[in-house]
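Student: First the structure, which I've put down as structure tokens, then a few questions once you've had a look.
The values are calculated or read from the model by the stated rules, or taken from the named source; none is laboratory data. Small disclaimer: the values here were computed from a predicted structure and weren't measured. Note that we place each Cβ from the backbone using ideal geometry, even for glycine, and neighbour counts take in every protein chain shown.
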Amino acid sequence: MSADGRIGHGDQIYASFLARQMEEGMALAEASDLLRLHVPPMAPPHFIAEFRCNGLVRGEDGEIREASEFAVGIFFPPDYLRRADPFEMLRLFTPGVWHPNVSMELPLICIGRLTPGTALVDILYQVYEILTWHKFNPRENDSLNKTACAWARQNQHRFPVDRRPLKRRSLNLEMKPL
């Protein structure tokens, strides 16, 4: 937010993009039992996504176990509509997340190829698919965590770890009078 209280550093297109991302992201969070989306005091372009879903972590003892709370920071830099770098934009706040697309040394998560202007909602879905093991890269040469990659190939029967949809499914119930 700029000094005059506007989103987007004076760039109207960027500001409109951020406003739309906030609106759509909050709508997804409202329609989800598994996602909370926070906008910290610095406001957009920063978001914190809290996922309440089942995923895997590696404990200090080396044991792989299920966890149910994950936090990811998402930042849209001012030139995001022209250039996208997932390693600059995404930070994993939950330590020990066990997944080939997550670094054990740095707070990095790779959601794959990210094009400029990718919507926040699309990023949230991609992060969710990684955390719940709906999506993983089985190739060690293209992995942030080669050990998790090798482990995943041997444990595919465990995936996905959480089968619930990120967005609540709507039910169309019709009541007929007796």
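Student: Checking ALA152 against (1) over 30 Å from SER16 (Cβ atoms); (2) in contact (Cβ under 8 Å) with a residue 40 or more places away in the chain; (3) hydrophobic (A, V, I, L, M, F, W, C); (4) in a loop (DSSP other than H, G, I, E, B), which single condition isn't satisfied?
Tutor: Status for ALA152: all satisfied but (4).
Student: Regarding SER16, is this residue over 19 Å from TYR125 (Cβ atoms) and of a type in the set (S, T, N, Q)?
Tutor: Details: over 19 Å from TYR125 (Cβ atoms): yes; of a type in the set (S, T, N, Q): yes.
Considered against the rule, which asks whether it is over 19 Å from TYR125 (Cβ atoms) and of a type in the set (S, T, N, Q), SER16 comes out as yes.
Student: On to the next question. Which residues, taken from region 20-36, are farther than 11 Å from ARG52 by Cα, not in a loop (DSSP other than H, G, I, E, B) and not acidic (Asp, Glu)? Lay out the reasoning, then the answer.
Tutor: As a first pass, look at region 20-36 and keep what is farther than 11 Å from ARG52 by Cα: 20-31.
From what's left, not in a loop (DSSP other than H, G, I, E, B): 20-30.
Listed by number, the residues that qualify are ARG20, GLN21, MET22, GLY25, MET26, ALA27, LEU28, ALA29.
Student: State all residues of region 84-94 that are part of a loop (DSSP other than H, G, I, E, B) and at pLDDT 95 or above; if no residue qualifies, say none. Steps first, answer last, please.
Tutor: As a first pass, look at region 84-94 and keep what is part of a loop (DSSP other than H, G, I, E, B): 84-85, 93-94.
PHE93, THR94, listed by residue number.
Student: Within region 12-19, does at least one residue satisfy the condition of being of a type in the set (Phe, Trp, Tyr) and in a helix (DSSP H, G or I)?
Tutor: We begin by selecting, within region 12-19, every residue of a type in the set (Phe, Trp, Tyr); these are 14, 17.
Among the residues that remain, those that are also in a helix (DSSP H, G or I) are: 14, 17.
Yes, because at least one residue in region 12-19 is of a type in the set (Phe, Trp, Tyr) and in a helix (DSSP H, G or I).
Student: Regarding ILE130, is this residue over 28 Å from ALA19 (Cβ atoms), at pLDDT 95 or above and hydrophobic (A, V, I, L, M, F, W, C)?
Tutor: Working: over 28 Å from ALA19 (Cβ atoms): no; at pLDDT 95 or above: yes; hydrophobic (A, V, I, L, M, F, W, C): yes.
Taking the combined requirement at face value, the residue does not satisfy it.
Student: Assuming LEU178 fulfils every condition listed in (1) free of Cβ contacts under 8 Å to residues at least 12 places away in the same chain; (2) under 27 Å from HIS38 (Cβ atoms); (3) not in a helix (DSSP H, G or I) apart from one, which condition is it?
Tutor: In the conditions (1) free of Cβ contacts under 8 Å to residues at least 12 places away in the same chain; (2) under 27 Å from HIS38 (Cβ atoms); (3) not in a helix (DSSP H, G or I), LEU178 misses (2) alone.
Student: Considering region 125-149 alone, what residues qualify as being under 15 Å from LYS167 (Cβ atoms), among the polar types (S, T, N, Q) and in a loop (DSSP other than H, G, I, E, B)?
Tutor: Listed by number, the list holds a single entry, THR132.
Student: If I ask for residues that are within 17 Å of ILE109 (Cβ to Cβ) and not aromatic (Phe, Trp, Tyr), which ones from region 55-76 would you list? So that I can check it myself, show each step before the final result.
Tutor: Applying the first criterion (within 17 Å of ILE109 (Cβ to Cβ)) to region 55-76 yields 55-58, 67, 69-76.
Scanning region 55-76 gives GLY55, LEU56, VAL57, ARG58, ALA67, GLU69, ALA71, VAL72, GLY73, ILE74.
Student: Output the number of residues of region 63-77 satisfying the condition of being over 14 Å from the mean Cα position of the chain (by Cα), assigned to a strand (DSSP E or B) and not acidic (Asp, Glu).
Tutor: 3
Student: On to the next question. Which numbered condition trips up VAL121, out of (1) in a helix (DSSP H, G or I); (2) free of Cβ contacts under 8 Å to residues at least 24 places away in the same chain?
Tutor: Of everything listed in (1) in a helix (DSSP H, G or I); (2) free of Cβ contacts under 8 Å to residues at least 24 places away in the same chain, VAL121 misses just condition (2).
Student: Hey, can you tell me all the residues within region 51-79 that are modelled with pLDDT of 95 or more and of a type in the set (Gly, Ala, Ser)?
Tutor: Across region 51-79, the qualifying residues are GLY55, ALA67, SER68, ALA71, GLY73.
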